[in-house]
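Asks: Please see the structure below; I have some questions.
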Amino acid sequence: MEDKDIIELYWQRDETAIRETDIKYGSYLHAVAFNILNDREDAKETTNDTYLKTWHSIPPQKPSAFLVWLSRITRSLAIDRLRFLTRKKRGTSQYDISLEELEECIGEETADKVYELSILKDMINSFLRCYSEKQRNLFLCRYFYFDSLKEASAACGFSEASAKTQLFRMRTALKEYLAKEGFLS
């Protein structure tokens, strides 16, 4: 079923929309949540929460890029859940690993909060424009969707070694860029 047809089902308040969303995107959304939470049950619950939030958001919203929209909801819910759960320290997830890698660029105190700062988002977007689409996708897979290095490199067509090197170079360049722009002191 096409995205526009699924969205139309939401607009008609037809519960089939949730089932169709799960059939088409459920495994992907579960993977996004799992990469952050590192727990299958929590990821499953987060995916179900995504469907509930989608049900309550459409209407009035009518997303033009449905998968991206769903991914953002899942990512946000998973991060909120991880913050709640890590108060009890429940293991290392791809989210934790990814943030540790980025901490050298953005500082430890702000690592968890930095994704919500619109100025930093704009700076990172501007920084990424000087890279190829393939490199930008690698960066996003690793640091936005929190894919493992193996998953991100495979999705973007790089060897793991090449992806690791490119990500290291991009992080180094990002740190220099943020310092030059005055974001880092």
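The values are calculated or read from the model by the stated rules, or taken from the named source; none is laboratory data. Only a predicted model underlies this, so the values are computations on that prediction, with no experimental measurement involved. Virtual Cβ from ideal backbone geometry, glycine too; neighbours counted across all protein chains shown.
Asks: From the list Tyr95, Tyr25, Tyr115, which one is under 18 Å from the mean Cα position of the chain (by Cα) and at pLDDT 95 or above?
Replies: Unique residue meeting the criteria: Tyr25.
Asks: Do we have Thr46 as part of a helix (DSSP H, G or I), over 30 Å from Ala179 (Cβ atoms) and either modelled with pLDDT of 70 or more or not assigned by TED's automatic domain parsing to the domain that holds Tyr145 (or both) here?
Replies: Taking the combined requirement at face value, the residue satisfies it.
Asks: Continuing with this model, one more query. Specify which of the listed residues (Ala161, Ala179, Ala173) is more than 22 Å from Ile73 (Cα to Cα), at pLDDT below 90, of a type in the set (A, V, I, L, M) and surrounded by fewer than 15 Cβ atoms within 10 Å (Cβ to Cβ).
Replies: Answer to the selection: Ala179.
Asks: If a residue has to be exposed (fewer than 15 other Cβ atoms within 10 Å of the Cβ) and free of Cβ contacts under 8 Å to residues at least 12 places away in the same chain to count, how many in the stretch 58-73 make the cut?
Replies: 5
Asks: Would you pick out the residues in the stretch 27-67 that are over 19 Å from Ser98 (Cβ atoms) and among the β-branched types (Val, Ile, Thr)?
Replies: Selection gives Thr47, Thr50, Thr54, Ile58.
Asks: State all residues of the stretch 119-153 that are loosely packed, with under 15 Cβ neighbours inside 10 Å and among the polar types (S, T, N, Q); if no residue qualifies, say none.
Replies: Matches in the stretch 119-153: Asn125, Ser126, Ser132.
Asks: Here is a follow-up. Please find, within the stretch 4-32, the residue that is farthest from Gln94 (Cα to Cα) out of those that are in contact (Cβ under 8 Å) with a residue 40 or more places away in the chain and touching a Lys or Arg at 6+ places or on another chain (Cβ under 8 Å).
Replies: Selected residue: Trp11.
Asks: Right, another one. Only one of these conditions is not met by Ala17: (1) surrounded by fewer than 21 Cβ atoms within 10 Å (Cβ to Cβ); (2) part of a helix (DSSP H, G or I); (3) aliphatic (A, V, I, L, M). Which number is it?
Replies: Among (1) surrounded by fewer than 21 Cβ atoms within 10 Å (Cβ to Cβ); (2) part of a helix (DSSP H, G or I); (3) aliphatic (A, V, I, L, M), the lone unmet condition for Ala17 is (1).
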